[in-house]
Every structure is written in C-alpha cells, then in structure tokens.
1. Take each of the peptides 66-74, 27-35, average the number of other beta-carbon atoms within 10 Å over its residues, and list them starting from the highest.
2. At 0.36 nm per residue, and after removing the present C-alpha to C-alpha distance, how many nm does the segment from residue 42 to residue 181 gain when stretched out fully?
3. Using a 10 Å cut-off on Cβ atoms, rank the peptides 41-53, 9-21 from the highest mean neighbour count down.
4. Cα to Cα, under 26 Å, and not fewer than 8 places away if on the same chain: which lysines meet these conditions relative to residue 220?
5. Evaluate E = 1/(1 + (r/R0)^6) for residue 17 and residue 61, where r is the Cβ-Cβ distance and R0 equals 30 Å; express this FRET efficiency to the nearest 0.05.
6. Could you derive backbone 3J(HN,Hα) for region 121-134 from the dihedral phi with the Karplus parameters 6.51, -1.76 and 1.60 (θ = phi - 60°), listing whole Hz in sequence and x where the residue is Gly or Pro?
7. Between residue 107 and residue 28, what length in nm is gained on full extension when 0.36 nm per residue of separation is reduced by their alpha carbon distance?
8. Whole-Hz ³J(HN,Hα) for each residue in region 69-82, computed from phi via Karplus 6.51 cos²θ - 1.76 cosθ + 1.60 with θ = phi - 60°, x for glycine and proline: what do you get?
Amino acid sequence: MKEIQTSRGKVAIVDDDKFEYLSQFKWYCTKFGYIQTTQIVDGKKTNLWMHRMVANTPPGMKTDHINGDKQLNTIENLRTCTTAENMRNRSMQKNNTSGYKGVFWSIRGKKWRAQITVNKKAIHLGLFDDPKEAYEAYKLAADAYFGDFVQQEAAMNERKIKIVFRTYGNREYREERVLAEIPKPGDEVQFEDGEVFRVSGRTFVTDTLGETICDIYLDKPESIHA
C-alpha cells in the first residue's frame with residue numbers, strides 16, 4: 001500500500017498497482033472525509049471520487065468502505081453495494097452516548113435501548129441495564145438481517161498490520177496493531193521505557209511474502225516540546 005497526499009493534511013491509502021494512475025490527479029479531502037478530484041468530463045466540471053474510481057463502481061450503485069475509513073481506498077476495503085447496504089455500514093451517530101453502534105439511552109425506560117434500522121424502519125430490540133448487553137443484541141440482529149455484509153466489516157476492523165517504529169540512532173520498536181489504530185503523522189506515541197515521540201511520516205510496504213508492513217518514522221523526543 002502507498003499514500004497519496006490530499007488537502008486538510010489528510011492522506012489516502014491505495015494499492016501499489018493503483019498508485020501511479022491515481023497520483024496524476026490533485027486530490028481533496030471533503031469535510032465528510034471522502035477523497036475527490038475535479039476534472040473536465042464531456043466539457044463539464046465533474047467531481048470524481050477516489051473510492052468509486054478504484055472500485056470501478058457501476059452507475060446507480062454505491063461503493064462502501066468496509067471498515068468505515070474513507071481514506072483507506074484499497075480494493076480490500078471497498079465493495080460495490082446498493083444504497084440500502086451502504087446505509088447499514090454507517091458509523092455511529094454523533095449523538096450516541098453509549099459508545100456502541102445501535103445502542104441509545106432511553107429517557108422513558110431509564111435503560112439502554114438496542115435498535116436496528118432495516119429498510120428505513122427502526123426495529124426495537126429491547127431495553128438493557130448494561131450497554132454491552134444491548135450491543136450484543138444489536139450484533140445478533142445485524143447478523144440475522146445483514147449476514148455477510150456485517151461479517152466483512154468485522155473482519156476488516158480486526159485485521160492486524162505489522163508496524164516498525166523507526167527512531168533516531170536506528171532504534172526500532174516492533175508491534176502489531178489493527179489497521180484503524182495505526183498512528184498518523186502528527187500523532188504522539190509512547191513506549192514502555194517512557195519515551196514519547198511524534199510521528200513524522202509513515203510508509204506502507206509489501207515484503208517478499210506479500211505481507212503488508214507499516215514503517216513509521218519518529219521525531220526525537222526533545223523536538224516535541226522545542
């Protein structure tokens with residue numbers, strides 16, 4: 001995988017074989033997190049979306065980001081779907097206070113309510129004392145209604161990537177993290193010895209066995225508070 005710089009200080013992650021083609025365009029990150037470019041098509045200014053270009057999405061269909069990361073535009077993280085399927089994979093609503101998708105506090109019932117939306121209709125799944133129990137009810141319902149669609153999302157979120165943290169003096173720290181938790185440029189990381197570093201850059205590479213590895217480059221500790 002490789003990175004393409006966009007606006008807002010964001011980067012898009014794409015497959016190696018798509019990098020050269022996509023790099024010829026100037027990309028922007030919208031306020032909703034999608035990556036787009038503006039080109040002249042048939043004499044008219046047209047917005048083109050990176051995820052749709054990568055997936056070669058047919059007219060009338062949507063392209064869904066399996067793990068919800070709109071900057072991760074690899075074939076593995078994209079799938080063609082209907083509008084209804086795309087809506088099922090929405091991230092947690094901003095007004096959600098439970099920390100769990102499909103779980104909300106019921107003011108009337110004074111408990112946590114589990115709810116799922118199917119074909120634009122909200123289905124009540126019960127009231128629970130513990131939000132974790134409510135979320136388990138939501139997951140069971142999601143699996144029953146949506147099947148493989150939800151399973152693909154879970155598998156993508158749980159995928160682990162090997163990371164090599166590279167610091168000054170050729171020191172290295174190695175670990176594994178799920179894709180969504182890999183630090184981005186500007187993030188701070190702390191290791192077991194207490195040292196704190198800031199991420200200055202990162203590169204995704206593929207080794208000889210076809211496994212993806214993320215090299216993360218770190219600034220010296222004293223440069224953080226300089």
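Where a number appears in this text, it was derived from the coordinates with a stated rule and is not lab data. Computed from a prediction, not measured in an experiment: that's the story for all the values here. Backbone-built Cβ (ideal geometry, glycine too); neighbour counts: all protein chains shown.
1. 66-74, 27-35
2. Between residue 42 and residue 181, full extension yields an extra 45.9 nm.
3. Going by the mean number of other Cβ atoms within 10 Å, highest first, we get 9-21, 41-53.
4. 2, 10, 162, 184
5. 0.85
6. 10, 7, 10, 6, 10, x, 10, 9, 6, 10, x, 5, 5, 5
7. Working it through step by step, the gained length comes to 24.3 nm.
8. Karplus values, whole Hz, x for Gly and Pro: 7, 6, 8, 8, 9, 9, 4, 5, 9, 10, 8, 7, 8, 7.
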